[in-house]
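Colleague: Shown below is the structure under consideration.
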């Protein structure tokens, strides 16, 4: 009990300190710094995305996003590598079905969540959000499916194929930018189009859809791998 | 900063710290998981008020949604193992 109250006190002190910093020291900046100023004033004429963050993430710092996707891919493959071994030796016993409430709710929530995820990454250049958020929402939908129907198994091969193809297309679009426009991951080889319409901002919607599919299939793959793992028998 | 934002941040801060204390001190694992998810939810409102809606969406999708669900799946799997 003494230890618990000490922990609670520590958390409280940390929270008060942090909160004090957020409220007291936060000042609304008067003007942007030089990089932000450049992005803000030139983005609309150069890239044409309604969401400046997306233009920065996908185009100006596209290489960084490629690195992030690679890190996630590595994590997914390592998890797949370590969890795969136990599958064959364990007997397939009947898992108990999920509760009635979960099964019924998942029938409503899973298609809706997948559509929401697709909406988020397709509209990444117009609204806050994008490939990573949309992919995480799709992954959550698959997780809900696995939670509600433990016996239900989806072929993991489909996810591996989607992941490989979308990663390949992402790099191919980057190379197309190198050949047809200013450099690697330059999205200006497609027309900018009308701002705020779905088909605008060059290749940004394409790249974000590929990132969304890749992240979604990677997270789903990790979850299905975890769900299929049988306990150690010894 | 407007008064409304400051009041909202104050309430959110108190709620975040409350959830953190609950997550640490509770004896039930599922209550702790839910409290940890609530921290992420409050943090995403923080990000929204501090004018970064994309980070708020990431926090809500990954912190509050995905990881909370993942904890529940793992909790159920470990409980199944314990029954055997």
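The values are calculated or read from the model by the stated rules, or taken from the named source; none is laboratory data. Please read these numbers as outputs of a predicted model, since none were measured by experiment. In this analysis, Cβ positions are derived from the backbone assuming ideal geometry, glycine residues included, and neighbour counts consider all displayed protein chains.
Colleague: At least 2 residues that are farther than 30 Å from residue A:166 by Cα in each: list the helices (runs of 4 or more DSSP H) lying fully within the range A:1-82 that qualify. Before the answer, list the steps.
Modeller: On the way: elements: A:2-25, A:34-46, A:52-55.
Answer list for the range A:1-82: A:2-25, A:34-46.
Colleague: Any residue at all in the range B:27-42 that is at pLDDT below 90, more than 11 Å from chain A (Cβ to nearest Cβ) and either crowded, with 17+ Cβ neighbours inside 10 Å or not in a helix (DSSP H, G or I) (or both)?
Modeller: Yes: one or more hits.
Colleague: Still on this structure: Could you tell me which of the residues A:28, A:56, A:16, A:69 is surrounded by 12 or more Cβ atoms within 10 Å (Cβ to Cβ) and modelled with pLDDT under 85?
Modeller: The match here is A:56.
Colleague: Quick test of your reading of the structure: residue A:115 fulfils all but one of (1) modelled with pLDDT of 85 or more; (2) within 21 Å of residue A:69 (Cα to Cα). Name the failing condition by number.
Modeller: Residue A:115 satisfies every listed condition except (2).
Colleague: Same structure again: For the range B:47-76, how many residues are at the interface with chain A (Cβ under 8 Å from one of its Cβ atoms) and assigned to a helix (DSSP H, G or I)?
Modeller: Counting residues in the range B:47-76 that are at the interface with chain A (Cβ under 8 Å from one of its Cβ atoms) and assigned to a helix (DSSP H, G or I) gives 15.
Colleague: Then there is this: With respect to the numbered conditions (1) closer than 29 Å to residue A:214 by Cβ; (2) within 11 Å of chain B (Cβ to nearest Cβ); (3) crowded, with 18+ Cβ neighbours inside 10 Å, which one is the sole condition not fulfilled by residue A:43?
Modeller: Failing condition for residue A:43: (2).
Colleague: Of the numbered conditions (1) under 30 Å from residue B:82 (Cβ atoms); (2) modelled with pLDDT under 85, residue A:180 satisfies every one except a single condition; which is it?
Modeller: If we test residue A:180 against (1) under 30 Å from residue B:82 (Cβ atoms); (2) modelled with pLDDT under 85, just (1) comes out false.
Colleague: If only one of A:117, A:129, A:135 is within 15 Å of the chain's Cα centre (by Cα), within 14 Å of chain B (Cβ to nearest Cβ) and part of a loop (DSSP other than H, G, I, E, B), which one is it?
Modeller: Numbers: A:117 fails: part of a loop (DSSP other than H, G, I, E, B); A:135 fails: part of a loop (DSSP other than H, G, I, E, B).
So the residue among A:117, A:129, A:135 that is within 15 Å of the chain's Cα centre (by Cα), within 14 Å of chain B (Cβ to nearest Cβ) and part of a loop (DSSP other than H, G, I, E, B) is A:129.
Colleague: In this structure, is residue A:223 more than 21 Å from residue A:43 (Cβ to Cβ), modelled with pLDDT under 85 and not in a helix (DSSP H, G or I)?
Modeller: Against the criterion (more than 21 Å from residue A:43 (Cβ to Cβ), modelled with pLDDT under 85 and not in a helix (DSSP H, G or I)), residue A:223 does not qualify.
Colleague: Among the numbered conditions (1) crowded, with 19+ Cβ neighbours inside 10 Å; (2) within 11 Å of chain A (Cβ to nearest Cβ); (3) at pLDDT 90 or above, tell me where residue B:15 comes up short.
Modeller: (1)
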